[in-house]
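Undergrad: I am attaching a structure below and will ask some questions about it afterwards.
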Amino acid sequence: MQIQQLSVFIENKPGRMAEVTEVLAEANIDIRAISVADTRDFGILRVIVDRPKEAVEALKAHGMTVTLTKVIAVGIDDKPGAFSKAVRLLSDEGFDVEYMYAFISRDKGKAYVIIRLDNGQKAAEALHANGFEILEPEAIYGM
């Protein structure tokens, strides 16, 4: 129930993100979700793509530092309080959330959140057992 996320180390300078996305475009890799966390000198570009292994190969072939990280993708009803219930469940079950970000869904009434946790598989199982939709890799890569 976990999916692969690319984590790309990038220098915090003009054009660097463009270079990464151009490499993905040249390899015909489709971006599904994207987030960047930066400091003064560098950043971590986190990306969900349709073909993670091929994306890693393409980026490494261009000298970029990239790793694959396991995360979960949770479907949340797009209504007040739904996200809060998911976060409360994770907290009550003792899971440590390292980071998260959301992305737009083509499904009306749904929002999706990418979450990195200390134990993603068990967190996904707990969320699923409590009625939350957990996306399989094929579902999110095929969006």
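The values are calculated or read from the model by the stated rules, or taken from the named source; none is laboratory data. Note that this is a predicted model, so its numbers are computed, not measured. Here the Cβ is made from the backbone with ideal geometry for all residues, glycine too, and neighbour counts use every protein chain on show. SASA here: full protein model, heavy atoms, side chains in, ligands and nucleic acids out. Shrake-Rupley method; radii C 1.70, N 1.55, O 1.52, S 1.80 Å.
Undergrad: In the range 24-43, what count of residues is obtained for those that are within 19 Å of the chain's Cα centre (by Cα), under 15 Å from Lys60 (Cα atoms) and in contact (Cβ under 8 Å) with a residue 12 or more places away in the chain?
TA: 2
Undergrad: Name the single residue, out of those in the range 99-122 being in contact with an Asp or Glu (Cβ under 7 Å, 6 or more places away or on another chain) and either at pLDDT 85 or above or at negative phi (or both), that is most open to solvent (accessible area, probe 1.4 Å).
TA: Within the range 99-122, the match that is most open to solvent (accessible area, probe 1.4 Å) is Asp118.
Undergrad: Of the residues that sit in the range 10-59 and are under 22 Å from Tyr112 (Cα atoms) and of a type in the set (Asp, Glu), which one is surrounded by the fewest Cβ atoms within 10 Å (Cβ to Cβ)?
TA: The qualifying residue surrounded by the fewest Cβ atoms within 10 Å (Cβ to Cβ) is Asp30.
Undergrad: Going by the conditions given, is Ser35 at pLDDT 95 or above and in contact with a strand residue (DSSP E or B) (Cβ under 8 Å, 6 or more places away or on another chain)?
TA: Criteria not met by Ser35.
Undergrad: Got a sec? Which of Ser91, Ser7 is open to solvent by 40 Å² or more (accessible area, probe 1.4 Å) and either closer than 17 Å to Lys122 by Cα or under 13 Å from the mean Cα position of the chain (by Cα) (or both)?
TA: Ser91
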